[in-house]
Amino acid sequence: MLPCTGETGDVRPCPGMLDLMRARLAELDRRASDLDAARTAPADAITATSPDFTP
């Protein structure tokens with residue numbers, strides 16, 4: 001993940017790195033969405049039986 005440098009000393013991502021980072025971010029977003037959905041059922045059950053519960 002180290003940056004590459006150009007001939008003028010400018011810093012930029014190495015070839016392919018932005019695509020890799022975008023793909024990883026999309027995967028993390030999908031996993032976060034899956035976890036959020038997985039929380040919903042138990043949180044709803046707890047809320048239904050314990051009105052003072054705040055997820």
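Assess whether Arg31 counts as being without any contact (Cβ under 8 Å) to a residue 60 or more places away in the chain, out of contact with any Pro (no Cβ under 8 Å at 6 or more places or on another chain) and not hydroxyl-bearing (Ser, Thr, Tyr).
Values: without any contact (Cβ under 8 Å) to a residue 60 or more places away in the chain: yes; out of contact with any Pro (no Cβ under 8 Å at 6 or more places or on another chain): yes; not hydroxyl-bearing (Ser, Thr, Tyr): yes.
In short, yes.
Which one of these does Glu7 not meet: (1) within 26 Å of the chain's Cα centre (by Cα); (2) part of a loop (DSSP other than H, G, I, E, B)?
Glu7 satisfies every listed condition except (1).
So if I check each of Ala32, Ala41, Ala48, which one is surrounded by fewer than 10 Cβ atoms within 10 Å (Cβ to Cβ) and either of a type in the set (Lys, Arg) or within 26 Å of the chain's Cα centre (by Cα) (or both)? Steps first, please.
Numbers: Ala32 fails: surrounded by fewer than 10 Cβ atoms within 10 Å (Cβ to Cβ); Ala48 fails: either of a type in the set (Lys, Arg) or within 26 Å of the chain's Cα centre (by Cα) (or both).
Of Ala32, Ala41, Ala48, the one residue that is surrounded by fewer than 10 Cβ atoms within 10 Å (Cβ to Cβ) and either of a type in the set (Lys, Arg) or within 26 Å of the chain's Cα centre (by Cα) (or both) is Ala41.
Read-outs: derived from the displayed coordinates by stated rules, not from any lab. Computed from a predicted model, the values in this text were never measured in an experiment. Methodologically, a virtual Cβ is constructed for each residue, glycine included, from the backbone with ideal geometry; neighbour enumeration extends over all protein chains shown.
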